[in-house]
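To start, the structure under review is shown below, and the notes come after it.
The values are calculated or read from the model by the stated rules, or taken from the named source; none is laboratory data. If you're wondering where the values come from, they're calculated on a predicted model, not measured in any experiment. No Cβ is skipped: glycine too gets one built from the backbone with ideal geometry, and neighbour counts run over all protein chains shown.
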Amino acid sequence: MAEFLSLENRVALVTGGSRGIGRAIALEMARRGAAVVVNYNKSPEAAETVVAEIKAAGGKAASFQADVSNSAAAQALVKFTIETFGDLHILVNNAGITKDTVIMMMSEDDWDAVLDTNLKSTFHCSKAAVKHMMRKRYGRIINIASVAGQMGNPGQTNYSASKAGQIGFTKALAREIAARNITVNAIAPGFVDTEILGAVPPQTLEAALKLVPLARKGKPEEIAFAACFLASDQAAYITGQALGVDGGMAMM
Ligand code: NAP
């Protein structure tokens, strides 16, 4: 068995790897030896900074623009990964957005944008990656869901539905492709200190943090360590799970 939690000789694709949690996952996977494709949509400079940081540390990385809610773009992203680094072992479906408001105020566009970016992207990227992974009889798919998909959150019907959808998707796909040595797991983070929290009013955040037994926000790196574990050989017997990394918030 490979060295503990090593990702040596692995190729990883991280959607939304330019900022926040995805950035931390890309950096940590590269530090553990994986060649990493850093996908971005609107932040080319941020993605290039992640790639430069990985390369400066002696790792392998490349960036690729793709709006992963779009099927053709997601397919092009997977193709780029395989052509650039010769394989694809680890897919992290991390790209996500929020458009929070109460249901009476929520437009159909706000609903569609969140569902398409968070959930449909998971379908598009997984479908493209699974085609390759089935042939190779190896794969690790990690979906970054949320505690909101387990507990619900007022003002987030669209977001909570997308994240609960990712968890259901995880379980169904895990059962579908386990025989090909491909594991599919989700991580359900709680409140993690990234720009996405900028949209949450401070009083709402303060009230929500009272529900966290560990009484603090999580760090992006803490999600990244969980993702690396699920991507490692040591997690070979774990599939179809939603791992809470939430300071004890949900305790499912
Ligand atoms: P963030 O800091 O806002 O970063 C979001 C990332 O997603 C960016 O890299 C962004 O890239 C990318 N992205 C957005 N739309 C995209 C699209 N259509 N195609 C490709 N990439 C796209 O958010 P974060 O907090 O790191 O969130 C990452 C994931 O964790 C999300 O799925 C989120 O729902 C989940 N999560 C976060 C928290 C939290 O408290 N932070 C808690 C639970 C779950 P560009 O900037 O290039 O567009």
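What to note about this one:
- Boolean, A52 is at pLDDT 95 or above and farther than 16 Å from S121 by Cβ: yes
- Pairs, first within 15 Å of P154 (Cβ to Cβ) and surrounded by 10 or more Cβ atoms within 10 Å (Cβ to Cβ) in region 200-216, second at pLDDT 90 or above and of a type in the set (D, E, K, R), C-beta under 9 Å, six or more apart: V200/D100; L205/K217
Residue by residue, here is whether (1) at negative phi; (2) among the aliphatic types (A, V, I, L, M) holds:
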{"site": "H89", "(1), (2)": "yes, no"}
{"site": "A95", "(1), (2)": "yes, yes"}
{"site": "K99", "(1), (2)": "yes, no"}
{"site": "V114", "(1), (2)": "yes, yes"}
{"site": "C125", "(1), (2)": "yes, no"}
{"site": "R137", "(1), (2)": "no, no"}
{"site": "R140", "(1), (2)": "yes, no"}
{"site": "A148", "(1), (2)": "yes, yes"}
{"site": "M151", "(1), (2)": "yes, yes"}
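- Among the residues of region 10-29, the one identified as under 19 Å from A129 (Cβ atoms) and surrounded by fewer than 23 Cβ atoms within 10 Å (Cβ to Cβ) is V11.
- The condition of being among the aliphatic types (A, V, I, L, M) and touching a Lys or Arg at 6+ places or on another chain (Cβ under 7 Å) holds for L230.
- Members of region 30-50 that are within 15 Å of the ligand (Cβ to nearest atom) and either buried (at least 22 other Cβ atoms within 10 Å of the Cβ) or hydroxyl-bearing (S, T, Y) (or both): V36, V37, V38, N39, Y40, S43, A47, T49, V50
- Some residue of region 82-100 being within 11 Å of the ligand (Cβ to nearest atom), part of a helix (DSSP H, G or I) and surrounded by 16 or more Cβ atoms within 10 Å (Cβ to Cβ): no
- Here F64 fulfils each of the conditions (1) within 14 Å of the ligand (Cβ to nearest atom); (2) touching a residue at least 60 places away in the same chain (Cβ under 8 Å); (3) closer than 25 Å to N9 by Cβ; (4) surrounded by fewer than 24 Cβ atoms within 10 Å (Cβ to Cβ) apart from (2).
Residue-wise test of (1) among the small types (G, A, S); (2) within 12 Å of the ligand (Cβ to nearest atom).
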| residue | (1), (2) |
| --- | --- |
| V130 | no, no |
| A161 | yes, no |
| K171 | no, no |
| I177 | no, no |
| N181 | no, no |
| A188 | yes, yes |
| L197 | no, yes |
| K210 | no, no |
| Q241 | no, no |
